1. Would you be able to tell me the number of residues in the stretch 137-149 that are at pLDDT 90 or above and open to solvent by less than 60 Å² (accessible area, probe 1.4 Å)?
2. For the stretch 106-124, what are the residues that are open to solvent by 100 Å² or more (accessible area, probe 1.4 Å) and within 16 Å of Leu176 (Cβ to Cβ)?
3. When the stretch 1-28 is examined, which residues are found to be open to solvent by 100 Å² or more (accessible area, probe 1.4 Å) and hydroxyl-bearing (Ser, Thr, Tyr)?
4. Could you please let me know if Arg157 is of a type in the set (Lys, Arg), assigned to a loop (DSSP other than H, G, I, E, B) and open to solvent by 30 Å² or more (accessible area, probe 1.4 Å)?
5. I'd like the full set of residues that are part of a helix (DSSP H, G or I), open to solvent by 70 Å² or more (accessible area, probe 1.4 Å) and charged (D, E, K, R), limited to the stretch 204-222.
6. I'd like to check which helices (runs of 4 or more DSSP H) are fully inside the stretch 239-300 and have at least 1 residues that are open to solvent by 20 Å² or more (accessible area, probe 1.4 Å), in contact (Cβ under 8 Å) with a residue 60 or more places away in the chain and of a type in the set (D, E, K, R).
7. Return only the number of the condition from (1) over 29 Å from the mean Cα position of the chain (by Cα); (2) free of Cβ contacts under 8 Å to residues at least 60 places away in the same chain that Val61 does not satisfy.
Amino acid sequence: MKKKTKSALLWRRIWAAKYLYLMFLPVFLYYVFFRYAPMLGLSIAFKDYNAFLGFDKSPWVGFKYFKQFFHSIYLWRLVRNTLLINLYDLLFNFPAAIILALLLNEVQQKRFKKVTRTITYMPYFISSVVLASMVVQFLSPSSGLINNVIASLGGERQYFMTQPESFRTIYTLMNLWKNIGWNSIIFLAAISGINGELYEACTVDGGGYLRRMWHITLPGISGTVVVLLIMRLGHVMDAGYETILLLQNNANMETSDVIGTYVYRRGLKGGEYSYTTAVGMFQSVIGFAMVIFSNWLSRTYSENSLW
């Protein structure tokens, strides 16, 4: 009887919130079909996969492809480039979104604030193809805006896209321009949840903008910052390959080649599915380990963590 009562109570609660569950259904189905179901294919990392034989009948080879990747001459270059691009993003782009949210929070003119937010959000909706084309055009040595400015100041035109040492800076600045407004949304939402009486009390005590920002706003959003940072560390080995691939060429390959672009070349273009699945699994395991470690570190030394 108790089990029936609990089951009936559960279904009544679900029915009472049926519209919320209906809204959640597309998200649930997305993760089931596009995130969890594909994990069944990870077994080919340990097999010599043959499309005609299928998952089940392809022969097992153990850690053959993992060893092949670890002994690859490209291993250090791929890991180095992927980590450095993500490090640039953490050092510059992640704090930039926080700083923008803090500055927008201090703007008193509502119209100016809305216009500024709209302008900073807009680049996020530009497709990767269009964005990469814009970057290439701006940096063109013959007619690019940047080189025209350099030439007008008496400097020499530069071939930025063929300079390996310039690629990480270009890619970081491009992502900064595209994502800073969108990434600041969640920080603005966190700031809006701070009790306004704290700001009033600080103002009464003689606190200015900087003091309110340092002693009220930053501590108020510290939990959100830590959680997002932990989640971001989970992608420390995933630089994303779409935009990089569009900006990549033979001249800048030394610094632009990351794990994602390598997997694309060897997997989709070369048909080495087992090998690239092993590389992707290595990438995911490192990201998972980073999330576990950073969450433990945060939970040990602060009150904020994912779990």
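1. 1
2. Quick first cut of the stretch 106-124, residues open to solvent by 100 Å² or more (accessible area, probe 1.4 Å) only: 108-112, 114, 119, 122.
Once the filter is applied, which keeps residues that are open to solvent by 100 Å² or more (accessible area, probe 1.4 Å) and within 16 Å of Leu176 (Cβ to Cβ), the stretch 106-124 yields Ile119, Met122.
3. Tyr19, Tyr21
4. Numbers: of a type in the set (Lys, Arg): yes; assigned to a loop (DSSP other than H, G, I, E, B): yes; open to solvent by 30 Å² or more (accessible area, probe 1.4 Å): yes.
Judged against the criteria, Arg157 is a match.
5. Scanning the stretch 204-222 gives a single hit, Arg211.
6. Values: elements: 242-247, 253-256, 259-263.
The helices (runs of 4 or more DSSP H) meeting that bar are 242-247, 253-256.
7. Result: Val61 fails condition (2) only.
Conditions tested, residue by residue: (1) among the β-branched types (Val, Ile, Thr); (2) without any contact (Cβ under 8 Å) to a residue 12 or more places away in the chain.
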site	(1), (2)
Met134	no, yes
Ser140	no, yes
Ser184	no, no
Asn195	no, yes
Tyr199	no, no
Gly206	no, yes
Met213	no, no
Ile221	yes, no
Met231	no, no
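The values are calculated or read from the model by the stated rules, or taken from the named source; none is laboratory data. Small disclaimer: the values here were computed from a predicted structure and weren't measured. In this analysis, Cβ positions are derived from the backbone assuming ideal geometry, glycine residues included, and neighbour counts consider all displayed protein chains. The protein model used for the area step is the full one, side chains on, heavy atoms only, and it has no ligands, DNA or RNA in it. Shrake-Rupley method; radii C 1.70, N 1.55, O 1.52, S 1.80 Å.
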